[in-house]
Amino acid sequence: MQRLGDSIFLSASDLVGHLNCRHLTSLDLAVVNGELERPAIWDPLLQILWERGARHEQGFVEHPRSQGLSVTIIDGVGVDDESVERTRSAMVAGDEIIVQGAFRANGWLGRTDVLRRIEAESDLGAWSYEVIDTKLARETKGGTVLQLCLYADLVGTIQGGCPTHSYVVAPWSGYEPQMYRMDDYATYFRRVKSSLVAAIEHAGEVIYPEPKEHCDICRWQSRCDRKRREDDYLSLVAGITKVHIDELKRHGIETMTDLAAMPVPLPWRPSRGA
Ligand code: SF4
């Protein structure tokens, strides 16, 4: 998420973050609005994964080079006017492989791992580009597909139409890209995208930091954990699930203290389970 003047630009990680946790979206929004500091975290495991990912991407970039294709690298970090213009120029010139292409359009921005020229007509001429993303995971996750959809959309703003297919290169594949047909995921992409945009537009809605799988790798972990402890929240009970919490709340039991004082046997029957 990035503020430029009065506008907020969203990225693929905002999309994936929103898919995992709506509370995360509200915290990231508070950062771009200057109401919160982004927490600095350093996790050695995430660092190792990041380094492995960078090596895998570098290996894939060397692959077309070894086949005699020319590779254009858009230097720099983040998305700024210069990197966007350099990407556009490389696409207009018809460069064969473009690495770290930078895009910003219609409230969205991002950097693509690799763009590959194909001989299919577009506004650029007799050629157009497809998106290839390198990933460490053995199975492609929903978040990766969303990322591909967003990048295909952004590429479409330059070449006048989305590529039909996008690709993921996994480490075990011998650099053979797995193909995804973008139309197959268009409805899913539109749905998550409009949910994120609505969350930004209706900022202020209170969303509790319910624990979820994504908390393990989330930069807001300490803050959310502190909040739950301050609230004596039911999620701190060992083995409890959201179904249990919702059931207890329906009976006015909101905290661990309430739960400790709950009479047993229960004066009511759970609507689900025993
Ligand atoms: S730590 Fe968990 S609850 Fe908090 S923002 Fe991250 S994913 Fe959401």
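Quick one: would you say residue 246 is more than 16 Å from the ligand (Cβ to nearest atom), surrounded by 12 or more Cβ atoms within 10 Å (Cβ to Cβ), over 30 Å from residue 14 (Cα atoms) and without any contact (Cβ under 8 Å) to a residue 12 or more places away in the chain? No; evaluated as a whole, the condition is false for this residue.
If you check residue 99 against the conditions, is it part of a loop (DSSP other than H, G, I, E, B) and crowded, with 19+ Cβ neighbours inside 10 Å? Considered against the rule, which asks whether it is part of a loop (DSSP other than H, G, I, E, B) and crowded, with 19+ Cβ neighbours inside 10 Å, residue 99 comes out as no.
Scanning region 50-71 for residues that are aliphatic (A, V, I, L, M) and part of a helix (DSSP H, G or I) yields a total of 2. Restricting 134, 144 to those that are surrounded by 14 or more Cβ atoms within 10 Å (Cβ to Cβ), under 26 Å from residue 27 (Cβ atoms) and touching an Asp or Glu at 6+ places or on another chain (Cβ under 8 Å) reduces the list to 144. I want to confirm something. Restricting to region 1-18 and keeping residues that are of a type outside the set (Gly, Ala, Ser) and in a loop (DSSP other than H, G, I, E, B), which single residue is nearest to residue 214 (Cα to Cα)? Per the stated criteria, the residue is 1.
Entry remark, region 19-49: residues being loosely packed, with under 12 Cβ neighbours inside 10 Å and outside any loop (DSSP other than H, G, I, E, B) number 4 in total.
Return yes when residue 101 is closer than 17 Å to residue 151 by Cα and under 18 Å from the mean Cα position of the chain (by Cα) and no when it is not. Judged against the criteria, residue 101 is a match. The set of residues in region 120-162 being in contact (Cβ under 8 Å) with a residue 24 or more places away in the chain, closer than 17 Å to residue 57 by Cα and among the charged types (D, E, K, R) consists of 130, 133, 135, 138. Tell me whether region 262-273 contains one or more residues that are touching a helix residue (DSSP H, G or I) at 6+ places or on another chain (Cβ under 7 Å), away from the ligand (no atom under 16 Å from the Cβ) and of a type in the set (Ser, Thr, Tyr). Checking region 262-273: at least one residue is touching a helix residue (DSSP H, G or I) at 6+ places or on another chain (Cβ under 7 Å), away from the ligand (no atom under 16 Å from the Cβ) and of a type in the set (Ser, Thr, Tyr).
Only the coordinates and a few stated rules stand behind these numbers; no lab work does. Predicted, not measured: the structure shown is a model, and the values here were computed from it. Note that each Cβ is placed from the backbone with ideal geometry, even for glycine, and that neighbours are counted across all protein chains shown.
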